[in-house]
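Throughout, read-outs are computed from the coordinates displayed, never taken from laboratory work. All values derive from a computational prediction rather than experimental measurement. Please note: Cβ atoms are built from the backbone with ideal geometry, for glycine as well, and neighbour counts cover all protein chains shown.
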Amino acid sequence: MQTIAIYPGTFDPLTNGHLDLIARGAKIFDELVVAILRNEEKEPLFTVIDRVEMLTEETREYSNVRIATFDGLLVDFARELGAKAVLRGIRAISDYEYEFQMAMMNRRLAPELETIFMMPAEKYSYVSSRLVKQVVHLGGSVEGLVPPLVLQRLKARVAEV
Ligand code: PNS
């Protein structure tokens with residue numbers, strides 16, 4: 001039987017930390033569905049379409065990874081997919097509290113779904129989409145922290161806004 005996992009997030013934008021986690025997840029699960037939350041409340045820098053495009057391009061090498069979008073409850077989308085696990089990245093201890101709350105709430109809503117935490121490579125342990133956006137907005141370099149395609153799109157997008 002195929003084990004499907006879902007890797008949900010905002011991915012605004014995709015970072016090398018996310019890609020590192022996707023590579024790890026793709027090795028373990030038969031199928032990994034990277035699921036972008038369609039949440040306009042968060043006022044994202046990139047549209048969902050842009051994010052789908054970047055993720056699709058950057059995960060092309062993995063035959064068992066696919067990109068999807070969802071709204072509503074994550075557990076509902078996971079059930080729709082037949083996913084057994086939710087993959088989440090955990091960096092520092094500071095991530096733990098939020099991740100713990102989400103994992104427990106998701107477990108309450110869908111006891112059959114396991115949340116699996118993985119750690120990205122140490123060199124990405126401080127990288128977040130939020131900081132990447134902030135640094136780019138303020139004119140700093142994020143080279144090496146995001147894929148070249150994202151870097152290019154980030155520069156263009158920040159110049160626009
Ligand atoms: O990349 P992020 O912003 O940390 O991802 C958060 C995400 C998308 C995983 C989370 O907000 C989510 O699952 N939202 C869907 C709504 C939901 O299911 N909420 C209840 C779970 S606590």
**Study point:** Single match in VAL136, VAL86 (criterion: closer than 23 Å to VAL48 by Cα, assigned to a strand (DSSP E or B) and not hydroxyl-bearing (Ser, Thr, Tyr))
**Key:** VAL86
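Is it true that some residue in the range 95-115 is polar (S, T, N, Q), exposed (fewer than 13 other Cβ atoms within 10 Å of the Cβ), without any contact (Cβ under 8 Å) to a residue 40 or more places away in the chain and not in a strand (DSSP E or B)?
Yes, some residue in the range 95-115 is polar (S, T, N, Q), exposed (fewer than 13 other Cβ atoms within 10 Å of the Cβ), without any contact (Cβ under 8 Å) to a residue 40 or more places away in the chain and not in a strand (DSSP E or B).
The rows are residues; the columns are (1) touching a helix residue (DSSP H, G or I) at 6+ places or on another chain (Cβ under 6 Å); (2) under 16 Å from TYR7 (Cα atoms); (3) more than 16 Å from the ligand (Cβ to nearest atom).
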residue: GLY82; (1), (2), (3): no, yes, yes
residue: GLN101; (1), (2), (3): no, no, no
residue: PHE117; (1), (2), (3): no, yes, no
residue: GLU122; (1), (2), (3): no, no, yes
residue: ARG130; (1), (2), (3): no, no, no
residue: VAL135; (1), (2), (3): no, no, yes
residue: ALA159; (1), (2), (3): no, no, yes
Practice item. Read through the list (1) closer than 19 Å to ILE22 by Cβ; (2) free of Cβ contacts under 8 Å to residues at least 40 places away in the same chain; (3) assigned to a helix (DSSP H, G or I); (4) touching a strand residue (DSSP E or B) at 6+ places or on another chain (Cβ under 7 Å), then give the number of the only condition that LYS123 fails. Key: (4)
Study note, to complete from the structure: Taking the range 39-63 and keeping only residues that are surrounded by 15 or more Cβ atoms within 10 Å (Cβ to Cβ) and part of a loop (DSSP other than H, G, I, E, B), one is left with PRO44, LEU45, PHE46, THR59, TYR62
**Study point:** Residue ID - surrounded by the most Cβ atoms within 10 Å (Cβ to Cβ), chosen from residues in the range 1-38 that are over 17 Å from ARG130 (Cα atoms) and under 9 Å from the mean Cα position of the chain (by Cα)
**Key:** VAL34
Practice item. State which residue is farthest from the ligand (Cβ to nearest atom) when the search covers only the range 47-80 and only residues that are within 16 Å of the chain's Cα centre (by Cα) and hydroxyl-bearing (Ser, Thr, Tyr). Key: TYR62
